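Q: Below is the structure I would like to discuss, written out as structure tokens.
The values are calculated or read from the model by the stated rules, or taken from the named source; none is laboratory data. No experiment lies behind these values; they were computed from the predicted model shown. Here the Cβ positions follow ideal geometry from the backbone for every residue, glycine too, while neighbour counts run over all protein chains shown.
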Amino acid sequence: MSGYSEGGASLTKKTLKTWIPQHWSAKEDIDRNLQTLRDRAADLAANSPVGAAAINTEVTNVIGTGLKVFPRIRYDELGMTSEQARQWSRKTKREFELWANSLYCDFSRRNTFGELQAIAFTSYLFDGDCFGLFKRRPTRSDMPYSLRIQLLEAQRISNPIGDKFGAIGDVEIILQDSKNRIVNGIEVNENGQLEAIYVCNRIWNEPTTVTPKLKWQRVRIFGKETGCRNVLHICKDVRPDQFRGVPFLAPVIETIKQMSRYADAELTSAIIKSFFSLFFVQPLSNNDLNQIVGTGDEDGDTPCVNAEDYKLGSATIAALPRGVDVKAIDSSNAQSTFDVFTNAFLTQVGAALNIPYELLVKKFQSSYSASRAALLQAEDEFRQRKAAFVTDFCQPVYEEFLAEAVAIGRISAPGFFDDPLTKSLWTSAQWYNERSSILDPVKETQAMILRLDAGLSTYEREVAESSGLDFDEISATLKQEREIVSAAPKPEINPKIDDGGNEDVSDNDDGTRRSDSKAVER
């Protein structure tokens with residue numbers, strides 16, 4: 001016995017000797033199987049209730065209506081006061097919202113930046129990754145910024161086909177001139193660094209298309225002269241040397257598919273069992289039904305019985321042909337294990353996807369503590385996904401926007417282009433969206449107040465996560481509302497008071513209050 005030789009690595013035990021899987025590189029394990037994984041995961045997300053629920057839960061809780069930027073520059077290191085920093089952040093946020101809330105932030109002029117976030121994140125969950133390109137278009141009188149975002153589906157990033165490249169189905173291609181290799185559409189140099197992506201004008205095997213010829217365009221991930229980013233790649237790496245992502249539903253594809261088949265079978269069975277089933281019984285096995293009952297005319301050409309008139313259906317009554325007996329089938333055999341079986345597998349699916357069962361099926365039937373624990377577990381998953389998405393998509397877009405805003409003079413940021421450290425101080429920001437899962441608003445509000453009183457959070461963060469609003473805007477609105485309320489005339493109060501009948505309170509002739517038992521003051 002040595003280590004795992006008689007345990008998990010045993011090749012002699014009856015339970016293990018036929019179980020010999022192979023674990024290869026990310027290229028072999030992921031890239032070779034990526035198209036099949038995408039096709040099956042997309043089918044489950046589109047046609048399976050469980051798959052759609054998992055995708056929608058992630059998108060709703062991670063993105064919501066869109067992550068909003070809150071610039072928070074390091075004003076002390078930039079030689080600014082806190083009030084100057086707050087004014088700068090307000091102006092920058094307004095400028096970014098001018099661009100982000102318009103359709104001109106989208107290259108195709110269809111979506112706002114919040115909607116682009118939801119599309120990019122959903123595509124990332126479907127296919128394992130999603131790509132975005134920084135594009136430029138001429139400015140307009142109502143849009144002073146030229147920055148545009150073009151989203152690309154993962155399947156458009158693929159290996160080019162041709163004499164200098166390779167054939168259909170090749171996972172890796174070696175370029176003869178530079179000795180770089182292309183792995184599933186991503187060019188990598190000899191040092192393992194990313195160089196470029198190859199964008200096809202369409203999905204290469206798509207059956208319905210009007211594009212006559214396949215063409216690939218090479219796009220550098222980082223600019224050759226400036227080193228600035230040209231390509232956004234939303235992806236979650238789990239292994240070294242991994243260049244493409246894995247679909248979100250990949251670990252549970254087989255489980256969800258088998259559950260869907262089982263649910264379809266049970267649904268079909270339930271529909272059939274809801275009918276009162278009648279079957280015709282033939283006296284002679286060698287004759288069909290029309291031979292038994294005869295034909296409907298003298299020539300014998302028209303059948304007496306039409307098979308379409310006799311079939312299972314809801315509330316169907318059919319007249320029997322002459323000479324034919326029927327037999328009723330008992331349909332009361334109901335299955336009682338469906339809920340137990342599906343709930344057990346849904347729990348496993350939720351555990352694999354890091355989504356608690358209660359949140360996956362949107363059913364909270366446990367105690368408050370158990371439901372609260374499930375939501376807290378889910379928040380850990382959503383927080384990680386949100387942080388990764390901000391790093392891959394939101395923050396790079398904000399930095400590219402801010403660079404243009406500073407370059408054209410709409411925002412002042414001294415030293416922005418002179419020193420990378422100074423640039424990082426100006427581009428520092430936080431991203432929030434409203435919290436969608438609040439189990440008990442009263443307790444959540446009390447917890448928020450306790451965090452603020454203990455100095456464990458900020459008003460800005462609590463307001464942003466609870467409602468998605470800006471603390472400065474709320475403060476200004478509250479100030480205006482208080483001024484309006486204080487300036488409004490006070491309503492007249494009826495001087496007569498009823499204390500339950502214990503004493504008679506009324507007014508004197510001179511307007512003062514009196515009581516038969518004692519003076520009453522208000």
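Q: Go through the stretch 455-476 and give me each residue that's assigned to a loop (DSSP other than H, G, I, E, B) and touching a residue at least 40 places away in the same chain (Cβ under 8 Å).
A: Answer for the stretch 455-476, where residues must be assigned to a loop (DSSP other than H, G, I, E, B) and touching a residue at least 40 places away in the same chain (Cβ under 8 Å): Gly468, Asp470.
Q: I've got another one for you. Out of Asn61, Asn47, report the one residue that is within 18 Å of the chain's Cα centre (by Cα) and either among the acidic types (Asp, Glu) or under 22 Å from Val390 (Cβ atoms) (or both).
A: Asn61
Q: Please go through (1) modelled with pLDDT of 65 or more; (2) part of a loop (DSSP other than H, G, I, E, B); (3) of a type in the set (A, V, I, L, M); (4) surrounded by 12 or more Cβ atoms within 10 Å (Cβ to Cβ) for Ile497 and return the number of the only condition it doesn't satisfy.
A: Here Ile497 meets the rest and fails (1).
Q: Report, by residue number, each residue of the stretch 154-207 that is assigned to a loop (DSSP other than H, G, I, E, B) and among the small types (Gly, Ala, Ser).
A: Passing the criteria: Ser158, Gly162, Gly166, Ala167, Gly169, Ser178, Gly185, Gly192.
Q: So, one more: Scan the stretch 200-243 for residues that are in contact (Cβ under 8 Å) with a residue 60 or more places away in the chain and within 23 Å of Ala26 (Cα to Cα) and jot them down.
A: Val231, Leu232, His233, Ile234, Cys235, Lys236, Arg239, Pro240, Asp241, Gln242, Phe243
Q: Between residues in the stretch 79-105 that are over 20 Å from Cys394 (Cβ atoms) and surrounded by fewer than 14 Cβ atoms within 10 Å (Cβ to Cβ) and residues that are of a type in the set (A, V, I, L, M, F, W, C) and at pLDDT below 95, which pairs lie under 7 Å by C-beta distance while being six or more apart or on different chains?
A: Listed pairs, sorted by first residue: none to list.
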